[in-house]
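K.L.:
If you scroll down you'll find the structure; I have some questions about it.
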Ligand code: ADP
């Protein structure tokens, strides 16, 4: 397997470039716009939306294997290609239960994994009883195509719920609001042979439902780490995944873990691995989908902090001066996605700062304190006051 076709050409495909070169692979993408980040770093591009299966057919003719950096595809149409022999990794059956958030919750529950209480909203008359059961606040989610908090609404009262549901309510899922203490994530990879490796569990910090920072490793107990690794193994084995999956979780104040969401691809919570791990999630994904042995996912430093650089205005600026100040921070690694347009909330780049824990006695207090201080420094350079 030498020629890898990627459906999607955003930053996740862009970040595969170095690994593809290192492994001697050709990278081709299917993406709608010539301005998409990965267009400039790949061997060939099929310009088309990610859900255009006839474009994927063209891509597949040039590739040995097709993988995904974006899961908003037309599975039904792609399955015809799979029947004709196109090799998808992960296989389409591994994506099928995940693309609709309600189906995803059902799949996880049926596997015995812990998830928040949830309901589909297909019968209007049941709305009152469902919300009485869950109470307020409750969380309303679009079943399909949600990302970066788009389509996730925290609902405080019945009037707002009804207002949001003027659209077809079967498009939504309703679930309990989890008063989590922290949010966690794990990146896991499974090879063609069924070998699984997991990255260190990380803490993710969201604001307005969008990831702002990631701290690796999360300061949790060894039992909690083991529980989360076991969730990853159960899920990846059950779906017979080949490639990387990201798993987002909630940790409650009394130490309980719930699965929030599965990303069937590389994930923002694993970006730290580019600089902090021997094998990044992007290299690991390519290794898995090409049938190569998996690499070492361990941290090569004591800890790391990743900060997303999110757009905060509509602009065409390349933010040279802020980027210059950020790269001057010791042990900072800046990844700038080269997007030509900034919009509020858009992911424009990220920075990972590696921490060598000189002061072992302070342990997690050191990571938390220094990590928070570094994140604050980066954000005060990046965001206007
Ligand atoms: P998306 O697919 O848009 O990333 P998520 O389901 O991951 O949507 O939700 C985004 C964020 O919204 C989460 O990281 C979390 O901060 C918050 N959130 C989502 N579901 C819940 C919930 N049931 N209870 C509390 N907060 C939630």
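The values are calculated or read from the model by the stated rules, or taken from the named source; none is laboratory data. All of these numbers come straight from a predicted model, not from anything done at the bench. All Cβ positions, even for glycine, are placed from backbone atoms using ideal geometry, and neighbour counts span all protein chains on display.
K.L.:
Going by the conditions given, is residue 110 under 21 Å from residue 251 (Cα atoms), away from the ligand (no atom under 14 Å from the Cβ), more than 19 Å from the chain's Cα centre (by Cα) and surrounded by fewer than 14 Cβ atoms within 10 Å (Cβ to Cβ)?
P.N.:
Yes, satisfied.
K.L.:
In region 132-164, what residues are more than 14 Å from the ligand (Cβ to nearest atom) and buried (at least 18 other Cβ atoms within 10 Å of the Cβ)?
P.N.:
161
K.L.:
Of (1) surrounded by 18 or more Cβ atoms within 10 Å (Cβ to Cβ); (2) more than 16 Å from the ligand (Cβ to nearest atom); (3) within 30 Å of residue 346 (Cα to Cα); (4) more than 17 Å from the chain's Cα centre (by Cα), residue 81 satisfies all except one. Which?
P.N.:
For residue 81, the failing item is (3).
K.L.:
Quick one: is residue 98 more than 15 Å from the ligand (Cβ to nearest atom), crowded, with 20+ Cβ neighbours inside 10 Å and under 28 Å from residue 189 (Cα atoms)?
P.N.:
On the way: more than 15 Å from the ligand (Cβ to nearest atom): no; crowded, with 20+ Cβ neighbours inside 10 Å: yes; under 28 Å from residue 189 (Cα atoms): yes.
For residue 98, the condition - more than 15 Å from the ligand (Cβ to nearest atom), crowded, with 20+ Cβ neighbours inside 10 Å and under 28 Å from residue 189 (Cα atoms) - is not met.
K.L.:
Tally time: how many residues in region 151-168 are free of Cβ contacts under 8 Å to residues at least 12 places away in the same chain and touching a strand residue (DSSP E or B) at 6+ places or on another chain (Cβ under 9 Å)?
P.N.:
2
K.L.:
May I pose another question? Only residues that are crowded, with 20+ Cβ neighbours inside 10 Å and either assigned to a strand (DSSP E or B) or touching a strand residue (DSSP E or B) at 6+ places or on another chain (Cβ under 6 Å) (or both): list them for region 224-241, please.
P.N.:
228, 232, 236, 241
K.L.:
OK, next. What's the number of the condition residue 72 fails, among (1) away from the ligand (no atom under 14 Å from the Cβ); (2) surrounded by fewer than 16 Cβ atoms within 10 Å (Cβ to Cβ); (3) closer than 27 Å to residue 13 by Cα?
P.N.:
Residue 72 satisfies every listed condition except (1).
K.L.:
Here's a follow-up. So, of the residues in region 320-344 that are free of Cβ contacts under 8 Å to residues at least 40 places away in the same chain, part of a helix (DSSP H, G or I) and in contact with a strand residue (DSSP E or B) (Cβ under 8 Å, 6 or more places away or on another chain), which turns out to be surrounded by the fewest Cβ atoms within 10 Å (Cβ to Cβ)? Reasoning before the result, please.
P.N.:
From region 320-344, those free of Cβ contacts under 8 Å to residues at least 40 places away in the same chain are 320-321, 323-324, 327-328, 330-331, 334, 336, 342-344; that's our starting set.
Still in the running and part of a helix (DSSP H, G or I): 320-321, 323-324, 327.
Then drop every residue that is not in contact with a strand residue (DSSP E or B) (Cβ under 8 Å, 6 or more places away or on another chain), which leaves 323, 327.
On the way: 323: 18, 327: 11.
Selected residue: 327.
K.L.:
Could you list, in sequence order, the residues of region 180-195 that are within 14 Å of the ligand (Cβ to nearest atom) and either without any contact (Cβ under 8 Å) to a residue 24 or more places away in the chain or over 20 Å from residue 101 (Cβ atoms) (or both)?
P.N.:
181, 182
K.L.:
Would region 57-68 turn up any residue that is out of contact with any strand residue (DSSP E or B) (no Cβ under 8 Å at 6 or more places or on another chain) and over 28 Å from residue 278 (Cβ atoms)? Give the steps one after another, and end with the answer.
P.N.:
Of the residues in region 57-68, the ones out of contact with any strand residue (DSSP E or B) (no Cβ under 8 Å at 6 or more places or on another chain) are 57, 61.
Those left that are additionally over 28 Å from residue 278 (Cβ atoms): 57, 61.
Yes.
K.L.:
So, in region 345-375, exactly how many residues are more than 23 Å from the chain's Cα centre (by Cα), surrounded by fewer than 15 Cβ atoms within 10 Å (Cβ to Cβ), outside any loop (DSSP other than H, G, I, E, B) and modelled with pLDDT of 65 or more?
P.N.:
Looking only at that region, the number is 2.
K.L.:
Out of curiosity, is residue 302 closer than 30 Å to residue 26 by Cα, touching a residue at least 12 places away in the same chain (Cβ under 8 Å) and either surrounded by 15 or more Cβ atoms within 10 Å (Cβ to Cβ) or more than 16 Å from the ligand (Cβ to nearest atom) (or both)?
P.N.:
no
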